[in-house]
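**Q** Please read through the structure below; I'll follow up with questions.
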Amino acid sequence: MRLDKIVEGKPVTMGAVECLHHAEDHTLTCEFPRGMFRFTIEGTRMQGTMTLPDKTVWRKISLQRARTQVAVNSFHLVTTS
């Protein structure tokens, strides 16, 4: 999954991470050196968390599929603490 943030209305790539899709329960997990993303997929939205290696929740995350010329079929990151 490519991780973008929006700066001045334009996507800026923060990096990429490999993820596992679990179709049976509509979830996505993405492990990376600093922790793990866990998402529940609901149509064009994904809700989840970023946890640190010690399982501390670092961020609550809401993603919405983008429908723009710049980012068709990508998800944009919106974080809440």
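The values are calculated or read from the model by the stated rules, or taken from the named source; none is laboratory data. What you see is a predicted model, and the numbers here were worked out from it, not measured in a lab. For neighbour counting, all protein chains shown are included, and Cβ atoms are generated from backbone atoms with ideal geometry for every residue, glycine included.
**Q** Filter segment 32-47 down to the residues that are part of a strand (DSSP E or B) and of a type in the set (Val, Ile, Thr), then identify the one that is modelled with the lowest pLDDT.
**A** Filtering first and then ranking leaves Ile41.
**Q** Return the total of residues in segment 18-56 being among the aliphatic types (A, V, I, L, M), touching a Lys or Arg at 6+ places or on another chain (Cβ under 6 Å) and within 12 Å of Met1 (Cβ to Cβ).
**A** 0
**Q** Hey, among Thr56, Thr29, which residue is surrounded by fewer than 14 Cβ atoms within 10 Å (Cβ to Cβ), touching a Cys at 6+ places or on another chain (Cβ under 7 Å) and modelled with pLDDT of 90 or more?
**A** Thr29
**Q** Take the residues of segment 8-20 that are surrounded by fewer than 11 Cβ atoms within 10 Å (Cβ to Cβ) and under 13 Å from the mean Cα position of the chain (by Cα): which is modelled with the highest pLDDT?
**A** Leu20
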